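Student: The structure is given below, and queries will be raised subsequently.
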Ligand SMILES: Cc1cc2nc3c(=O)[nH]c(=O)nc-3n(C[C@H](O)[C@H](O)[C@H](O)COP(=O)(O)OP(=O)(O)OC[C@H]3O[C@@H](n4cnc5c(N)ncnc54)[C@H](O)[C@@H]3O)c2cc1C
């Protein structure tokens, strides 16, 4: 496969993320002392995993979350259809054992089923040529698994949240982290919290926008890394239809242009009677959708589908749900599958602690060994950070 093709495919749904060679290691020594207070900033995948593992180790942990709920970019909508709608992360881009690794608890049996695509039977449609295309040619691979009976959010709700629910404080928008003294001060719009260590898991866009002031300022290497990272803007939409008139996936992006615009069967692999078509559009492909508001926006999508499927979309339409990630105040974007040396070293730099007081864990704050910008990688980064703080889990 040509590199340009790989890049384009990597961009589709964030799949095929780079598996880079081993380098960078977490500190072998244990940093945290008994009785210390640890604050985790952000209750997305990384923050929740960090709190869960710290709590397991008996650490005194508190999570400060800006929004009124947990999940961050694994946000989901329940009740729209007979399965959870993942308006953020949807695919498991690895193998199932990763879920057991995330729990680090051999006494718990993870009951999560996943479905992989059938590359012999399933097919996509090239909207431009009207031809059937193999899913692999569109960019799906064996490691793109769909949750059969759950979602990323369902997994976190079932296995991670129960032990840490009462450790999370919502509506706490952290705006200052003062690590001048031994006790770190974390300020939100209404309170000041103190801690011995802080784990920052907010998206890089929040740091880029300067929404959190660090006192003293972050070291130059960190600032440079923040400069070199970003999230693509984007959106997702799920449309319920009376009939299924579409194949597994519809390719509507230009060739070789990087980011994604794809319609896909969102009920694929689900125990579902509903017909739901998903749309994921990022970067410049999202602009058309983000520039409109409903009802013009949904009419635009139905027209787009009517043109591809000979007028079948509009008469079959039931309802839809739309998520604008570009304008989500606490995400300001989607994901960042850019594959370059610059991104790799920025991601790695971000995962380094500052003065053994400030720690960073998240989808773009990782050692980069297993790629970046995916849920399981954010969780893995949290695990490594917790291991470096309190020892092997
Ligand atoms: C549309 C979309 C599709 C995706 N598809 C996939 C996929 O199929 N598979 C996959 O593996 N990954 C996918 N991803 C990427 C995946 O969702 C992320 O990599 C992962 O969820 C990031 O987790 P995180 O904990 O690092 O960050 P986040 O989930 O962003 O969590 C950060 C948390 O910090 C909070 N926060 C922000 N600012 C502040 C502040 N000032 N004070 C306190 N809290 C704050 C936020 O509210 C949030 O809860 C997708 C993402 C999007 C948006």
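Student: Quick check on my filter: what residues within the range 124-156 are touching a strand residue (DSSP E or B) at 6+ places or on another chain (Cβ under 6 Å), over 22 Å from residue 379 (Cα atoms) and part of a loop (DSSP other than H, G, I, E, B)?
Tutor: Answer for the range 124-156, where residues must be touching a strand residue (DSSP E or B) at 6+ places or on another chain (Cβ under 6 Å), over 22 Å from residue 379 (Cα atoms) and part of a loop (DSSP other than H, G, I, E, B): just 127.
Student: Give me a count of the residues in the range 68-86 that are touching a strand residue (DSSP E or B) at 6+ places or on another chain (Cβ under 8 Å), without any contact (Cβ under 8 Å) to a residue 24 or more places away in the chain and at positive phi.
Tutor: 0
Student: How many residues does the range 349-389 hold that are part of a helix (DSSP H, G or I) and either farther than 19 Å from residue 45 by Cα or more than 15 Å from the ligand (Cβ to nearest atom) (or both)?
Tutor: Going through the range 349-389 one residue at a time, the tally reaches 4.
Student: Further, regarding this structure: Out of curiosity, is residue 16 at pLDDT below 95, under 24 Å from residue 234 (Cβ atoms) and part of a loop (DSSP other than H, G, I, E, B)?
Tutor: When the stated conditions are applied, residue 16 passes them.
Student: Which ones in the range 31-52 are within 12 Å of the ligand (Cβ to nearest atom), more than 15 Å from residue 101 (Cβ to Cβ) and in contact with a strand residue (DSSP E or B) (Cβ under 6 Å, 6 or more places away or on another chain)?
Tutor: Matches in the range 31-52: 39, 40, 41, 43, 47, 51.
Student: Quick one: which residue in 227, 190, 213, 185 is touching a helix residue (DSSP H, G or I) at 6+ places or on another chain (Cβ under 9 Å) and either without any contact (Cβ under 8 Å) to a residue 40 or more places away in the chain or more than 23 Å from residue 43 (Cα to Cα) (or both)?
Tutor: Result of the check over 227, 190, 213, 185: 227.
Student: Could you pull out the residue among 384, 369, 392, 357 that is modelled with pLDDT of 95 or more and out of contact with any strand residue (DSSP E or B) (no Cβ under 9 Å at 6 or more places or on another chain)?
Tutor: Every option except 384 fails the conditions.
Student: Where residues in the range 157-186 are over 23 Å from residue 52 (Cα atoms) and either within 9 Å of the ligand (Cβ to nearest atom) or assigned to a strand (DSSP E or B) (or both), which of them is nearest to the chain's Cα centre (by Cα)?
Tutor: Going through the qualifying residues, I end up with 175.
Student: Starting from the range 132-143, take each residue that is in contact (Cβ under 8 Å) with a residue 40 or more places away in the chain and list its partners that are in a helix (DSSP H, G or I) and surrounded by 21 or more Cβ atoms within 10 Å (Cβ to Cβ), counting only C-beta distances under 7 angstrom and pairs at least six apart or across chains.
Tutor: Close Cβ pairs (under 7 Å, with a partner that is in a helix (DSSP H, G or I) and surrounded by 21 or more Cβ atoms within 10 Å (Cβ to Cβ)) amount to 138/12; 139/12.
Student: Need pairs with beta-carbon distance below 9 Å; first residue in contact (Cβ under 8 Å) with a residue 60 or more places away in the chain and within 14 Å of residue 321 (Cα to Cα) and within the range 258-281, second within 13 Å of the ligand (Cβ to nearest atom) and part of a loop (DSSP other than H, G, I, E, B); sequence gap 6+ or separate chains.
Tutor: 266/90; 276/266; 278/90; 278/266; 280/90; 280/260; 280/334
The values are calculated or read from the model by the stated rules, or taken from the named source; none is laboratory data. Remember, predicted model here, so these are calculated numbers, not experimental data. A quick note on method: Cβ atoms are made from the backbone with ideal geometry, for glycine too, and the neighbour counts reach across all protein chains shown.
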